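All of the numbers you see were taken from the coordinates with simple rules; none came from a lab. Keep in mind that what you see is a predicted model, and the values were worked out from it rather than measured. Note that we place each Cβ from the backbone using ideal geometry, even for glycine, and neighbour counts take in every protein chain shown.
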Amino acid sequence: MYLRAGLKLINNHFPWVSLKVPYSLSWHITNACNESCLYCDHRFRKQRELSTSEALSLVHDAALLGVKMFMLTGGEPLMRQDMEQLVFSIKKQGLLVAMASNGRLIPDNLPLVKKLTFVKLSLDGDESTHDQIRSPGSFRGVIRAIETLLGLGIKPRLSSVICNLNADKLEKVLEVANHYKLKVKFQPASDIHIKNPPPLVTLEKFKLAYDYLLSHSKKSSSLLVNSQASLQYYYALLSNNKLPMALHCHSTLFSNTITADGYLSLCTPLMEDEDQRIDCKESQGLKRALAMLHHPKSRRPQACRRCWCAHSLELNLLLTSFQNPLRCMRKLFWG
Ligand SMILES: C[S@@+](CC[C@H](N)C(=O)[O-])C[C@H]1O[C@@H](n2cnc3c(N)ncnc32)[C@H](O)[C@@H]1O
Ligand code: SF4
Ligand code: SF4
């Protein structure tokens, strides 16, 4: 009886602990972008985006349900004209808000930027490699963004995507991270959302990056977010080998994804799968969509072989090691 009462109390005050509402929502809030990165498909997406009032109502619903954080991504989130209004509204409702950005528009949006809990900035190599992958002037933009954010007392985190063009040129990324004392995570360029892709990263090229990062993580791992286990996992994934461990998917209990046109899905790798996404605008909005997504019968028990987002992968690797206590917790909450 006390256990049930305790669980009810926790559920009322911290709904995300009950695993029915995620702690955070990663929101691809726009597909518009001011860059054209070789490995990214966002700019080709033509879906209708949520209007300001639809987006504000989603924020309101999320806050009521107990979501604690929005991670705004895209496309380039700062391309949305109503971004300041949305960020202010998220903050006003007591939620945390973070942003992934290519950095170009950071210096033009200081009032909004000051409200962010953290910012992830993309950096893919030295100036010529980064600009070749992304767009001319992009490297200078990201360095300017780093310095602007540090000037505001916000320490950005760096994200780097490994593709054929930069696989042997990652020193500069670590050099910048080291210079500004910033954490950095790497992930391979994924082609799962791209139709008829050219090889974004071949195994041969990835091996160069893998060896370099592995030796770096053995020497000093303080700035590198990737664990050795995740690097080994990526290598096995790309070489179609047996995975180093039978990974289970737990990260989708803590974070889910919303697309620019208002579909809810478990995670970014699955957001384009028709049978894996639920329209929040239809039926009864976010609440019903989350209930359907997190229904015990529809939840994915096993990790799929698509786990390329560095943060999801790290969490899945870590929690797979603590799997049994987690399963007990799930059983307790779901009965
Ligand atoms: C989609 S972007 C959105 C935020 C912002 N426009 C930026 O570039 O940082 C978020 C992150 O996803 C990464 N990304 C984009 N396409 C990818 C792909 N095909 N595979 C792996 N990561 C990808 C980007 O490099 C970036 O770090
Ligand atoms: S800046 Fe971000 S959203 Fe835009 S094309 Fe590059 S990775 Fe994609
Ligand atoms: S294991 Fe699959 S479902 Fe789970 S986060 Fe990774 S890609 Fe998504």
Problem set entry | Neighbour-limited loop hits for GluC sites (Glu not before Pro), segment 204-276 (at most 11 other Cβ within 10 Å; DSSP other than H, G, I, E, B) | none
Exercise. How do Ile278, Ile146 line up, fewest other C-beta atoms within 10 Å first?
Worked result: Ile278, Ile146
Problem set entry | About the Cα centre, charge dipole magnitude for segment 2-334 (Lys/Arg +1, Asp/Glu -1 at Cβ), debye | 1300
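Of all alpha-carbon pairs in the chain, indicate the percentage at a distance above 30 angstrom.
For the chain, the fraction of Cα-Cα distances above 30 Å is 36 percent.
How much length, in nm to one decimal, is gained on full extension between Glu175 and Lys218, taken as 0.36 nm per residue of separation minus their Cα-Cα distance?
Numbers: separation 43, 0.36 × 43 = 15.48 nm, distance 1.67 nm.
Difference between extended and current length: 13.8 nm.
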For this session: Using only alpha carbon positions, build the gyration tensor of segment 145-264, then give the equivalent ellipsoid semi-axes as the square roots of 5 times its eigenvalues, largest first, whole angstrom.
Result: 24, 21, 16
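Which net charge results when you count Lys and Arg as +1 and Asp and Glu as -1 among the other residues whose beta-carbon is under 13 Å from that of Glu175?
In short, 0.
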Problem set entry | All aspartates and glutamates inside 17 Å of Lys169 as judged from Cα atoms, apart from same-chain residues fewer than 8 positions distant | Asp124, Asp126, Glu127, Asp131, Glu204, Asp211
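Net charge within 14 Å of Phe88 by Cβ-Cβ distance, Lys/Arg positive one each and Asp/Glu negative one each, not counting Phe88 itself?
Values: positive: Arg80, Lys91, Lys92, Lys114, Lys115; negative: Asp82, Glu84.
Overall, the nearby charge balance is +3.
Taking only C-alpha pairs under 8 Å that are 6+ residues apart, what is the relative contact order of segment 2-334 in percent? Each step should come with its number before you reach the end.
On the way: 557 pairs, mean separation 58.5, N = 333.
Rounded, it is 18 percent for segment 2-334.
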Seminar exercise, completed: Here FRET efficiency (C-beta to C-beta, Asn241 to Lys115, R₀ 41 Å, nearest 0.05) is 0.40
Exercise. Which net charge results when you count Lys and Arg as +1 and Asp and Glu as -1 among the other residues whose beta-carbon is under 15 Å from that of Ser128?
Worked result: -3
For this session: Past 18 Å, Cα to Cα, is the threshold; run Lys181/Lys207; Lys183/Lys205; Lys183/Lys219; Lys114/Lys155 against it and keep the listed order.
Result: Lys181/Lys207; Lys183/Lys205
Problem set entry | Extended-chain gain in nm, criterion 0.36 nm per residue less alpha-carbon gap, Glu274 and Ser128 | 48.8 nm
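Share of antiparallel DSSP beta bridges in the chain, in percent to the nearest 5? Working shown, then result.
On the way: 5 of 30 bridges.
The antiparallel fraction comes to roughly 15 percent.
Taking 0.36 nm per residue of sequence separation and subtracting the Cα-Cα distance, how much length would be gained by fully extending the chain between Phe254 and Leu150, in nm to one decimal?
Working: separation 104, 0.36 × 104 = 37.44 nm, distance 2.87 nm.
Stretched out fully, the Phe254 to Leu150 stretch lengthens by 34.6 nm.
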